[in-house]
Amino acid sequence: MLDRYESPLVVRYASSEMAQLFSMRRRIETWRRLWLELARTERELGLPITEEQIRDLEEHLTDIDFACAEQREREVRHDVMAHIYAYGKAAPSAAGILHLGATSCYVTDNGDLILYRDALFLLRGRLRALLKALAGFAERTRALPTLGYTHYQPAQLVTVGKRATLWMQDLLSDLEDLDAVTGGMRFLGCRGTTGTEASFMDLFEGDAAKIDLLNQRLAAAFGFDECFPVCGQTYPRKQDSRILNVLSGIAQSCYRMAQDIRLLQHDRELQEPFETNQIGSSAMAYKRNPMRSERICSLSRYLMTESMNAPLTASAQWLERSLDDSANRRLSMPEAFLCADAILKLSENVCSGLQVNEAVIAKNVENWLPFITTENLLMEAVKRGGDRQQLHEVIRVCSMEAAARMNRGEDCDLLRRLAGHPEFGLSMQDMEALLVPENYVGRAPEQVAAFLNKYRARWE
């Protein structure tokens with residue numbers, strides 16, 4: 001296959017499970033299961049279909065002659081009719097009752113709904129695995145002080161674990177959205193060319209109750225609680241929009257997390273996994289680039305843009321049916337699932353092996369802690385009889401001078417400058433006693449513990 005283009009999502013990024021789920025074999029086997037279940041249910045409801053025909057269909061669910069179907073499609077220019085022909089050749093006694101009363105969308109749309117539902121379940125497992133990896137990381141680092149950033153400028157201290165819970169909170173919202181979409185998925189059923197079930201009114205001689213029973217049994221056979229209450233020839237394409245919104249949300253959350261990791265790896269505070277023989281650069285042998293996090297961001301950008309296909313398709317539906325959604329959906333829906341799968345798989349790999357460089361973190365905290373504690377120093381100096389406004393000006397001037405020194409690559413000397421002002425009333429020893437990083441992380445450790453305890457059941 002090296003002389004033909006293949007999707008990198010299949011050959012490089014996504015899991016074999018997701019790739020198999022959207023394979024042609026899985027798709028056509030799903031179609032055959034739909035044809036079998038339709039025939040079985042029609043027989044149960046009184047149509048002239050024999051047990052022998054049902055057995056014939058059952059025995060040939062998986063022996064698909066793709067070459068036969070491909071040849072037939074070249075002749076008739078219709079993929080569903082080509083596979084009806086191939087199934088009929090394999091199960092000749094049932095050829096005459098295959099697809100009875102149905103339209104192409106009975107197999108294509110219901111088949112897609114089955115595959116999308118199964119793919120969402122697969123992604124759900126990956127989301128939970130990622131959350132579990134992050135939960136372990138957050139628990140281990142829940143009390144480790146680190147420099148917080150706003151505007152990517154040094155701010156008050158947080159903890160490494162607290163930052164991880166911010167990522168987890170986003171991912172939990174994606175899990176909730178995924179569950180809501182999966183729980184609300186409905187089956188198309190067998191509804192006819194314009195959704196009126198007219199063909200079945202003819203087959204069942206006007207017995208509407210049998211038609212309802214047919215659709216209820218078909219939905220139940222494939223694990224759906226109910227069918228869409230009304231439809232045209234297809235299921236409502238808003239369903240695809242809801243699905244791709246969830247996948248886009250996953251991409252947004254993983255991008256944010258991976259970008260944070262890239263920034264922190266630049267500062268050498270965190271590092272993603274790096275194998276013993278891994279090469280970071282073809283030219284710069286010393287490099288340790290965050291290539292996995294970069295790949296997460298790259299794939300996430302693709303998925304966020306890919307998610308626009310579904311709303312554009314849903315908004316362009318023509319009355320009861322148009323075929324200009326078909327080629328788009330064949331591309332956009334599987335590729336989006338493959339991409340989401342790749343992102344989550346890679347994210348779990350990164351988060352399961354994140355390296356925390358505590359010495360680097362401590363050094364950064366040490367450099368900036370004097371600035372961060374200046375308000376506390378101010379309060380202590382006032383308690384000792386100082387003038388708040390005068391002391392504020394001393395801190396401001398000394399802070400600017402110390403920052404300028406740091407800009408020249410020198411160490412922070414803020415405390416020494418403050419101690420040099422007799423009116424400040426605090427010695428170096430007094431101030432150093434207040435520089436305990438754990439005293440400046442607020443409730444972060446408790447917030448991490450409360451968060452993990454509240455939501456632990458979601459990923460365990």
List H421, H266 from most exposed to least, where exposure is judged by having the fewest other Cβ atoms within 10 Å.
-> H266, H421
Taking Lys and Arg as +1 and Asp and Glu as -1, residues besides E380 with C-beta under 12 Å from its C-beta add up to +1
Computed over the chain: longest principal axis from alpha-carbon atoms vs helix 160-183 long axis, angle to nearest 10 degrees, is 20
For R256 and R26, calculate 0.36 nm times their separation in residues minus their Cα-Cα distance, and state this gained length in nm to one decimal.
-> 79.4 nm
Set K132/K454; K162/K345; K162/K454; K238/K454; K363/K383 screened for pairs whose C-alpha atoms are more than 25 Å apart | K238/K454; K363/K383
Taking Cα atoms, the helix 444-455 axis meets the longest principal axis of the chain at an angle in degrees (rounded to 10) of 20
So for the chain, taking the charge dipole from beta-carbon charges (+1 Lys/Arg, -1 Asp/Glu), which of A143, L113, L346 sits furthest toward the positive end?
-> A143
To the nearest 10 degrees, the tilt of helix 291-306 (Cα long axis) against the first principal axis of the alpha carbons of the chain is 50
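If Lys and Arg each add +1 and Asp and Glu each add -1, what is the summed charge of the other residues whose beta carbon sits under 13 Å from the beta carbon of A449?
Numbers: positive: R140, R142, K162, R443, K454, R456; negative: E139, E446.
Neighbour charge sum, excluding A449 itself: +4.
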Among the aspartates and glutamates, which fall within straight-line cross-link reach of K210, defined as a Cα-Cα distance under 18 Å, with same-chain neighbours fewer than 8 residues apart omitted?
-> E37, E42, E44, E197, D202, D225, E226
Rel. contact order, % - alpha carbon contacts under 8 angstrom, at least six apart, the range 124-245 = 21
In whole Hz, the Karplus estimates of ³J(HN,Hα) for the range 387-398 (6.51, -1.76, 1.60; θ = phi - 60°; x where Gly or Pro) are 8, 4, 6, 5, 5, 4, 5, 4, 4, 4, 5, 5
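Using +1 on the beta carbon of Lys and Arg, -1 on that of Asp and Glu, and nothing else charged, what's the dipole of the chain about the Cα centre, debye to 20? Could the numbers behind the result be given before it?
On the way: 55 positive and 64 negative charges, 207 e Å.
The calculation lands at about 1000 debye.
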Quick one: which residues, 5+ away or cross-chain, put their amide H under 5 Å from the amide H of T146? H built at 1.01 Å from N.
-> V158, T159, V160
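Any read-out appearing in this document is the output of simple, stated calculations on the displayed coordinates, not a laboratory observation. Quick caveat, the model's predicted, so the values are computed rather than measured. Positions of Cβ are generated from backbone atoms using ideal geometry, with glycine treated the same way; all protein chains shown enter the neighbour counts.
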